[in-house]
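The values are calculated or read from the model by the stated rules, or taken from the named source; none is laboratory data. Everything quoted here is computed from the prediction, not taken from an experiment. Because the Cβ atoms are built from the backbone with ideal geometry, glycine has one as well, and the counts that use them run over all protein chains shown. All accessible areas refer to the heavy atoms of the entire protein, side chains included, with ligands and DNA or RNA removed. Shrake-Rupley method; radii C 1.70, N 1.55, O 1.52, S 1.80 Å.
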Amino acid sequence: MQAKRCAVMAAHAPSSPLLPWPRPAPLLLLLALLAASYLALARLPAAAPLSALPPFPPRGEPTTSSCAGFYAGAGAARAVSASVEDFGAVGDGVTSNTAAFRRAVAELDERAARGGGGRGARLEVPPGRWLTGSFNLTSRFTLFLHHGAVILGSQDPEEWPLIAPLPSYGRGRERLGPRHISLIHGEGLNDVVVTGNNGTIDGQGEMWWELWWNRTLNHTRGHLVELANSTNILISNITLRNSPFWTVHPVYSSNVVMKDLTILAPLNAPNTDGIDPDSSSEVCIEDCYIESGDDLVAVKSGWDQYGISVNKPSTNIVIQRVSGTTPTCSGVGFGSEMSGGISNVLVRDLHVWNSAQAVRLKTDVGRGGYITNITITNVTMEKVKVPIRFSRGADDHSDDNYDRTALPRISNVLISDIVGVDLQRAPMLEAVAGAVYEGICFRNVSLRGIRRQGRWHCESVYGEAHGVFPAPCEEFRKNGFSSWCGFS
C-alpha cells in the first residue's frame, strides 16, 4: 500500500534563505498562548485541563509572543565540546563519516558522564560537506551546525538501517514490516538540541523519491529527523532539505520546540511533509518557512486500530508564524492519521500561497479518535485552490482489520480572521458518513477573487458563521448565535 498522497505536480522548489524572523523572548509557561481564545470557552477533555492564560492581542496586531518556553532543557551550551573532525570525519562530500558521527556521539556522552556534572555534551559540525548514514543522538546533547556546514544523507540504503514500525501505526507507513530509520534519530531521550548558525541537513532524498515513483520501494522511507519517546527537544536555526519522507517527526514526545527553521523540498517530492508532531504534547512550532511536496505542518496521532489501541493523543500544540507553499497539500493539516486523538491546538499567523489548501482536517472511517478544541486564526492566503477543507479519506488503511464502526468525532473548531485572494473555490466541508461534526464556527472570513466555484460545499457538517464572505452554506446559516462563536 502506498503512503497517503496528494496530487503530484511537476514544479520544483527554488532555494530560499533562512528568513530573518524576529526572536521573541521565551515565556516561562507551558500553554500561555491558548486561553482567552475559544479554547478557554470550549469543553476540554478531562485529561487535558488548561489554566487561565493571557489573551490574544487585539485584532489586526501581529503576535510577537513565543511558545519556546515549552523547552526546559539546558540549552545549546554544554560542559563538554568537540568537533566531528576530532573523530576522523572529513568534510569533502565524498568520504563516508557514518562511523565518525556515531563514535563522536558515544565518546562525548562518556566524557560528559565522567566529568560534565550532568550538563551534557556538544558536537560541533564545522563548515564542509559531511556525508553520513544514520546516527543516534543521546540525552543532554547538542548537535551544532556552523554556517557553511552541510550534513549529507548517505546514498547507500544500508546506511539507513531498518527498525521496528511505530506501535501506533502497526507497520511501516508505506510498506508492511519494518521501516528505515531517520538520518538523525533518538529514542527515549531528555534534553536534545539540534541547532546552529543556519547550517544545513540535506537528506539527498531523490534516490528515495525515485524508488517511490518507480514502485520499487521495499520498506517505508526514513525521516530526516525523528525523536521518539523523548522530552525537552529544541530544533532551531538550521535549514533542512530534501528529506526522503517526513522531514521533522517528533513522536510520543513532549516539550518540543521547533523554531526558526527553513525546510525545503522540491514541490513534487512525495510525502515530504515539513513538521509532523505525532502523538506528542506541549509542542511549539514557530517562525518557520517551508516549501514541500506535502503538508507544511501535519498534526497526527496514529493510524486506525493501532492508533486507537496505543491511545496517545497529540495535545497542547501551538503553530504560529509559519509561511510557505505546497501546491499539492495544505499549510496546516490535521490527520489523516488521528486515531489517538488531537486536541487543544492553536494555529495563528499562517501565510500560505500557491497551495492546494490553507487548512485541512482529514479523517476517515476506521480512524476513530477525535479532533477537538482547535483554534485557527489570522490566516492569509493567495492563489490557493481550496481555502478551508474538511475531507473524507481515500480508503487509506493500515490493513483490512480496521474497525469499520470506528468513526471520528470533530468538535469545537473556531476558524476566524481569515483573508484569502485569488482562490479557485469557496470552502469544502465534507463529513465522514455517520461521524459527528459539531461546534464548528467561522467568524470574520473574507475570501475574494474566487475563480471557479464561489458557493460553499457542505455535506453533513453544521455550525455557525458570522461576518463571512461569500455567504456560507445553509448548514451554517440556521443555527442561531452562540456567545463563543459570535464573540469578538
Cα-based reach from K362 at 16 Å (exclusive), listing aspartates and glutamates while leaving out same-chain residues under 8 positions away = D273, D276, D278, D294, D295, D304, E337, D395, D396, E430, E438, E459
Add -39500 (n - 2.57) for each DSSP H run of 4 or more in the chain, then divide by its residues: what number comes out at 222 nm, to the nearest 500 deg cm²/dmol?
-> -2500 deg cm²/dmol
Roughly how many whole Å is it from the C-alpha centroid of the stretch 438-474 to that of the stretch 153-221?
-> 39
First select every other residue whose beta carbon is under 12 angstrom from the beta carbon of A164; then total the charges, Lys and Arg +1, Asp and Glu -1.
-> +1
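Specify whether the C-alpha gyration tensor of the stretch 313-413 places it in the rounded, prolate or oblate class, a ≥ b ≥ c being the square roots of the eigenvalues: rounded for a/c under 1.5, otherwise prolate if a/b is larger than b/c and oblate if not. Walk me through the numbers before you get to the answer.
Numbers: a/c = 2.62, a/b = 1.54, b/c = 1.70.
Oblate.
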Shape call for the stretch 362-414 from the C-alpha gyration tensor, a ≥ b ≥ c root eigenvalues: rounded (a/c under 1.5), prolate (a/b greater than b/c) or oblate?
-> oblate
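Could you estimate the translational diffusion coefficient of the stretch 359-488 from the Stokes-Einstein equation, with Rh from the Kirkwood formula over C-alpha pairs, at 4 °C and 1.567 mPa s, in whole µm²/s?
85
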With all protein chains present and a 1.4 Å probe, how do E337, E85, E159 order by accessible area, largest first?
-> E85, E159, E337
Stretch gain in nm, segment E110-V421, where the contour uses 0.36 nm per residue and the Cα spacing is subtracted = 106.3 nm
Given 37 °C, 0.692 mPa s and a Kirkwood radius over Cα pairs, the Stokes-Einstein diffusion coefficient of the chain in µm²/s is 145
Can you check how the C-alpha radius of gyration of the stretch 248-330 compares to 2.2 N^0.38 Å, as a plain ratio?
-> 1.09
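Suppose a student asked you for the relative contact order of the stretch 209-330, using Cα pairs under 8 Å spaced at least 6 residues apart; what percent would you report?
Details: 319 pairs, mean separation 26.5, N = 122.
Contact order relative to length: 22 percent.
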Extension gain from R404 to A76, taking 0.36 nm per residue of separation minus the Cα-Cα distance | 113.3 nm
Using only Cα atoms, tell me the angle between helix 98-115 and the longest principal axis of the chain; keep it within 0 to 90° and round to the nearest 10.
-> 80
Cα shape, the stretch 169-221, gyration tensor, a/c 1.5 rule = oblate
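Write down, largest first, the equivalent ellipsoid semi-axes of the stretch 67-167 in whole Å, where each equals the square root of 5 times an eigenvalue of the alpha-carbon gyration tensor.
On the way: eigenvalues 109, 63, 41 Å².
They are 23, 18, 14 Å, listed largest first.
Quick check: net charge around V365, other residues with Cβ under 12 Å of its Cβ, Lys/Arg +1 and Asp/Glu -1? Working shown, then result.
Details: positive: R367, R392, R404; negative: D304, D364, D395, D396, D403.
Within the 12 Å Cβ shell, the charges total -2.
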Inter-centroid distance (Cα atoms) of the stretch 363-378 relative to the stretch 379-423, Å = 8
Describe numerically, in nm with one decimal, the distance between label points set 7 Å from Cα along Cα→Cβ at S309 and at A164.
-> 1.2
